[in-house]
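Notes for the one structure printed next.
Quick note: the coordinates plus some simple rules give every number you see, no bench work behind them. Keep in mind that this is a model prediction, so the values were computed, not measured. When we count neighbours, we look across all protein chains shown, and the Cβ atoms used for this are built from the backbone with ideal geometry, even at glycine.
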Amino acid sequence: TMDKFGTHAGITCDGCACRPIQGFRFKCKNCKNHDLCESCFERFLQGNLTQDPALARLNKVSPNIEDHDFRAFCEADGSFKSINTTKAVATPKTSKKVKPNEPCPCSSGKKYKKCCEGKK
């Protein structure tokens with residue numbers, strides 16, 4: 001049940017390097033060793049997959065969100081078991097629309113409407 005999360009002793013979050021993971025642990029089914037805490041999993045669902053730079057050298061995981069299939073684990077009867085039955089899907093990051101009077105993203109110093117707006 002959802003009220004039985006726990007302390008995942010010996011498990012480090014690959015996103016923020018917290019150890020041990022407290023609460024729910026999210027383990028990727030597609031990666032050999034990829035775990036996220038609840039906070040990092042929330043960022044993943046918003047389309048942002050972070051990895052602590054120190055851990056990235058030790059545990060290389062794909063930066064592509066589409067490559068991951070996370071399942072939640074919680075404590076049940078003294079052991080940790082998966083509680084997900086459906087795949088968690090991240091929403092792709094969308095870039096912010098540039099308005100005509102904003103500075104152009106090409107760093108020209110001109111307004112977007114006078115620079116790159118019609119060049120797409």
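Approximating the spin labels as points 7 Å out from Cα along Cα→Cβ, the Ser108-to-Ala56 distance works out to 3.2 nm. Normalised by residue number, the volume inside the convex hull of the Cα atoms of the stretch 1-71 is 87 Å³ per residue. Neighbours of Val61 by Cβ distance under 15 Å: Lys/Arg scored +1, Asp/Glu scored -1, total 0.
Think of the stretch 1-65 as a dipole: +1 on every Lys or Arg Cβ, -1 on every Asp or Glu Cβ, centred on the Cα centre; then among Cys40, Gln22, Asn59, Asn59 lies furthest on the positive end.
A cut-off of 5 Å between modelled amide H atoms, ignoring neighbours fewer than 5 places along the same chain, links Gly23 with Gly6, Thr7, His8. Counting 0.36 nm for each residue step from Asp69 to Asn48 and taking away their Cα separation leaves a gain of 6.1 nm.
Summarising the label geometry, the points placed 7 Å from Cα in the beta-carbon direction at Lys29 and Cys115 lie 4.5 nm from one another.
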